[in-house]
Ligand code: ATP
Ligand code: MG
């Protein structure tokens, strides 16, 4: 089904507003209107929730920037945070079921380690590519290339 990417992202982000305020982290959206993607809408929503939820959960201060834009011939959904970062090794392992990075600061945040395994399942089922970038200590960017 054809889905309006910016609208779906906007709706999901609005449900996160209170949670961001509570943690005093800025939620910034940069959404290019008019981009249509082919997706099972409920799955796309789940993917967005899981990635934004992680950005909030693994960021102690600063901001999370959610963007949608066109890159060459494909649409992009991007979430950039100013959080704890990810090492090169963990960048691959985080998509495995039940994998959680062993960091002391991770112990007091609950979680099953399933969110990104679900994201990977959804992306694979649609043929979308996932990209992760991090400096290893203070920021992480998740990108979905449609
Ligand atoms: P849940 O099942 O509730 O989502 P979870 O958040 O621990 O639990 P995933 O969403 O699969 O599980 O993420 C796996 C691990 O990847 C996390 O435990 C965390 O260590 C790391 N991670 C995910 N997103 C980020 C991020 N934005 N910044 C830093 N680390 C992250
Ligand atoms: Mg998660």
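The values are calculated or read from the model by the stated rules, or taken from the named source; none is laboratory data. The structure presented is a predicted model; accordingly, all values stated were derived computationally and were not measured. Quick reminder, even Gly has a Cβ in these numbers, built from the backbone with ideal geometry, and neighbours come from all protein chains shown.
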Q) Of all residues in region 1-22, which are loosely packed, with under 14 Cβ neighbours inside 10 Å and over 26 Å from residue 126 (Cβ atoms)? A) 17, 18, 21, 22
Q. Which residue out of 120, 143 is modelled with pLDDT of 95 or more and within 13 Å of ligand 2 (Cβ to nearest atom)?
A. 120
(Q) Can you go through 96, 131, 60, 41 and tell me which one is touching a residue at least 12 places away in the same chain (Cβ under 8 Å), within 17 Å of residue 12 (Cα to Cα) and away from ligand 2 (no atom under 12 Å from the Cβ)? (A) 41
Q | helices (runs of 4 or more DSSP H) within region 1-96 that include 2 or more residues more than 18 Å from residue 115 (Cα to Cα) and at pLDDT 95 or above | A | 5-23
(Q) Can you say whether residue 111 is within 11 Å of ligand 2 (Cβ to nearest atom), surrounded by fewer than 18 Cβ atoms within 10 Å (Cβ to Cβ), more than 12 Å from the chain's Cα centre (by Cα) and closer than 28 Å to residue 11 by Cα, as far as the supplied structure shows? (A) yes
Q: Give 144, 94, 122, 118 a once-over and let me know the one that is surrounded by 13 or more Cβ atoms within 10 Å (Cβ to Cβ), closer than 24 Å to residue 39 by Cβ and touching a strand residue (DSSP E or B) at 6+ places or on another chain (Cβ under 6 Å).
A: 144
